[in-house]
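Below is one structure, written out as structure tokens; the observations come after it.
The values are calculated or read from the model by the stated rules, or taken from the named source; none is laboratory data. Because the structure is predicted, anything quoted here is derived from the model rather than measured. FYI the Cβ positions are ideal-geometry reconstructions off the backbone, even for glycines, and counts take in every protein chain you see. Ligands, DNA and RNA are excluded from the accessible area calculation, which covers all protein heavy atoms including side chains. Shrake-Rupley method; radii C 1.70, N 1.55, O 1.52, S 1.80 Å.
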Amino acid sequence: MIYQTDETRERILDGAESLFVAQGFAETQMKDIAIKVGTSRNTLYRYYSDKYELGFAILVKVLTRYMSSYDQIFDDYEAGKYNSAIEGIEAILYSFCNPNEKNSDRFIAEFDGYYTGTRVPENFASELSQLLPSDTIVRLDFMFVEGQKDGSVRADKDPHLMAVTILNAVNSFYRRMLLRMDALLEIGHEDVPALSPMLIDLLIDGLKPQK
């Protein structure tokens, strides 16, 4: 049995995440991570067999932390702390673009950008769903269904399709803005942070019942 410690594992994950954010996923090699962490490549490979396995472990760690914050909002909604479902949905959308998690969102954007098309392993979705602690989309679906019941969410669209659409719309847009902030042709760098909140406002308006 190969001896491993949680402390070394966390140091590897933290160091690798910072390099993936700074250099990009494609440009970062296992040898770079070993140097960053201050360990040998042999030791690094005892913990993670390749860059994908390491990146996947970081992804699970980040998403697990995110889901904990989402669950708190869902719990607050179910406890009656929001006046309507649309207020809870808006809180969830804003939590998708938390500026305090900017580096982790950049990592997810780098990981998603690298593992696309034929690079996506066949068992990616099944392994990820097994490792994550909660089902955000199920609880978000419930909020949409309740919103249609309380009249705060439009009733002419399928609640599951709306939940999936807005989840991907906000996450994808926000992370694209993080990656392209200095290379957007349409707007100045200083105005980019206002775009995701504007998108959320537009989405919330579109989710409300049509007059």
>> How are the alpha carbon pair distances in region 94-211 distributed across 5 Å bins from zero to the largest one, expressed in percent?
In response: 2, 10, 16, 19, 19, 14, 13, 7, 1, 0
> So how compact is region 22-114: Cα radius of gyration and Dmax in angstrom?
Replying inline: 17.6, 55
> Once phi is turned into θ = phi - 60°, what whole-Hz ³J(HN,Hα) does the Karplus curve with 6.51, -1.76 and 1.60 give for every residue of region 58-75, x standing for Gly and Pro?
Replying inline: 5, 4, 4, 4, 5, 5, 4, 5, 4, 5, 5, 6, 5, 4, 5, 5, 4, 4
> So for Glu146, Glu87, Glu122, what's the accessible-area order with a 1.4 Å probe, most first?
Replying inline: Glu122, Glu87, Glu146
> How many angstrom separate the Cα center of region 149-211 from the Cα center of region 35-75?
Replying inline: 28 Å
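Subtracting the Cα-Cα distance from 0.36 nm times the residue separation, let me have the gained length for Val138 to Leu202 in nm, one decimal.
20.7 nm is the gain from fully extending Val138 to Leu202.
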> Once the Cα gyration tensor of the chain is diagonalised, what are the square roots of 5 times its eigenvalues, in whole Å and ordered largest first, as equivalent ellipsoid semi-axes?
Replying inline: 35, 21, 14
> Just the accessible area per residue of region 66-130, please: how many Å² with a 1.4 Å probe?
Replying inline: 54 Å²
> For Leu132, which sequence-distant residues (separation of 5 or more, or a different chain) have an amide H within less than 5 Å of its own amide H, given hydrogens modelled in the peptide plane?
Replying inline: none
>> Sort 190-197, 204-211 by packing, meaning the average of other beta carbons within 10 Å per residue, with the highest value first.
In response: 190-197, 204-211
> Could you list log10 I(q)/I(0) for region 16-75 at q = 0.14, 0.31 Å⁻¹, which the Debye formula gives when each Cα is one point scatterer?
Replying inline: -0.46, -1.29
> Along the positive direction of the dipole of region 54-185 (beta-carbon charges: Lys, Arg +1; Asp, Glu -1; about the Cα centre), which of Asn103, Ile92, Val60 reaches farthest?
Replying inline: Asn103
>> I'd like the Karplus ³J(HN,Hα) series for region 16-33: coefficients 6.51, -1.76, 1.60, θ = phi - 60°, whole numbers in Hz, and an x wherever there's a Gly or Pro.
In response: 5, 4, 5, 6, 4, 6, 6, 10, x, 5, 5, 7, 8, 10, 4, 5, 5, 5
> Applying 1/(1 + (r/R0)^6) with R0 = 41 Å to the Cβ-Cβ distance of Glu7 and Gln210, what FRET efficiency is obtained, to the nearest 0.05?
Replying inline: 0.15
> Between Leu161 and Ile35, what is the spin-label point distance in nm, taking each point 7 Å from the Cα along the Cα→C-beta axis?
Replying inline: 5.1 nm
